[in-house]
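The values are calculated or read from the model by the stated rules, or taken from the named source; none is laboratory data. Model, not experiment: these values are computed from the prediction. Cβ placement follows ideal geometry from the backbone for every residue including glycine, while neighbour counts extend to all protein chains displayed. Just the protein is used for accessible areas: all its heavy atoms, side chains included, with ligands, DNA and RNA removed. Shrake-Rupley method; radii C 1.70, N 1.55, O 1.52, S 1.80 Å.
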Amino acid sequence: MTILITGATGNVGRNVVEQLVNRGADVRALVRDPSKASFPIGVEVVQGDLLDIDSLRHAMSGVSTLFLLNGVVADEYTQALIALNLAREAGIERIVYLSVIHSDIYVNVPHFAGKFGVERMIEHMGLSATILRPAYYMDNEITIKDVVINYGIYPMPIGEKGLAMIDARDVGEIAALELIRREQSATPLPINRINLVGPDTLTGNDAAAIWGDVLGRAIAFPGNDTARFEQNLRQFMPSWMAFDMRLMAERFLTDGMLPDAGDVDRLTSMLGRPLRSYRDYVAQIVG
């Protein structure tokens with residue numbers, strides 16, 4: 001029995017593959033360019049694209065369980081619906097879908113709304129799936145490390161409501177545990193949803209203070225200028241994506257990304273260890 005991983009070369013996908021291999025699973029990775037793929041020994045690499053029907057059908061042949069991860073791209077919603085329809089066609093009855101926390105609340109944010117649409121398809125078509133809903137990834141902080149260190153400011157407009165940031169390694173491990181739980185079940189399991197959150201819910205001032213503690217000097221949080229945030233992002237991503245990220249940041253300010261009661265305990269129990277902390281993550285990337 002084979003588990004197919006989409007988005008396998010990305011930050012989360014690579015962690016999922018590694019965690020599955022460590023647990024003895026048979027893993028197939030769907031990648032656009034096999035020459036750029038570097039996976040543990042034993043992983044079957046299949047070339048394909050989520051909009052290439054023939055390559056997807058080939059990749060899904062003989063697969064028992066699917067991990068569906070779509071990157072933030074303009075046609076993300078179409079990619080996901082095609083993949084799920086082809087999975088149903090292939091008889092795959094065990095699915096783990098990587099959505100996002102508060103997809104039903106951030107309704108004006110394109111990549112959130114798309115993921116909520118996919119969740120609705122899963123539910124209305126009666127697919128057997130775990131829907132993982134991660135909060136903000138700590139790993140995004142890699143992109144601002146130099147700004148914090150060189151300019152002494154924490155530039156992300158994450159607001160004062162708080163974000164329950166999670167480490168992508170924890171996301172990958174939880175995803176692997178759910179894939180194996182579904183893979184090993186004698187019958188397809190019912191739909192369940194899991195919020196993926198970190199152990200701390202942090203504001204902009206909290207994050208700046210932690211960076212300051214780790215660096216041993218004061219780090220300022222200049223505020224929540226989402227317009228400037230969008231303009232900065234446009235230097236290295238398409239304008240539509242930068243605007244999408246601005247809309248997300250504006251929802252950080254009004255809604256935050258707060259865990260539900262029991263989320264942290266549930267994840268800690270699943271992992272059998274504490275969730276990775278933001279402070280430890282910052283210390284790791286600074287060190």
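Please give the helices (runs of 4 or more DSSP H) falling wholly within segment 11-111 in which 3 or more residues are open to solvent by less than 40 Å² (accessible area, probe 1.4 Å) and free of Cβ contacts under 8 Å to residues at least 40 places away in the same chain.
Output list reads 76-89.
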- Note on the structure: Residues of segment 1-10 being among the β-branched types (Val, Ile, Thr) and either in a strand (DSSP E or B) or at pLDDT below 95 (or both), in sequence order, are THR2, ILE3, ILE5, THR9
- The condition of being assigned to a helix (DSSP H, G or I), open to solvent by 40 Å² or more (accessible area, probe 1.4 Å) and basic (Lys, Arg) holds, among ARG251, ARG217, only for ARG251
- Query: Among the listed residues PRO259, PRO222, which satisfies the condition of being touching a strand residue (DSSP E or B) at 6+ places or on another chain (Cβ under 7 Å), part of a loop (DSSP other than H, G, I, E, B) and within 16 Å of PRO157 (Cα to Cα)?
  - Reply: PRO222
- If you take the residues of segment 131-149 that are of a type in the set (Asp, Glu) and closer than 15 Å to ALA208 by Cα, which of them is farthest from the chain's Cα centre (by Cα)? ASP146
- Item | Test for ILE191: is it closer than 28 Å to GLU76 by Cβ and within 17 Å of the chain's Cα centre (by Cα) | no
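Quick check: is even one residue across segment 191-214 of a type in the set (Lys, Arg), open to solvent by 40 Å² or more (accessible area, probe 1.4 Å) and in a helix (DSSP H, G or I)?
Scanning segment 191-214, I find no residue that is of a type in the set (Lys, Arg), open to solvent by 40 Å² or more (accessible area, probe 1.4 Å) and in a helix (DSSP H, G or I), so the answer is no.
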- Here are some conditions: (1) assigned to a loop (DSSP other than H, G, I, E, B); (2) closer than 19 Å to ILE194 by Cα; (3) open to solvent by 70 Å² or more (accessible area, probe 1.4 Å). GLU123 meets all but one. Which one does it not meet? (1)
- Counting only residues that are open to solvent by 50 Å² or more (accessible area, probe 1.4 Å) and at pLDDT 95 or above, how many does segment 233-248 have? 7
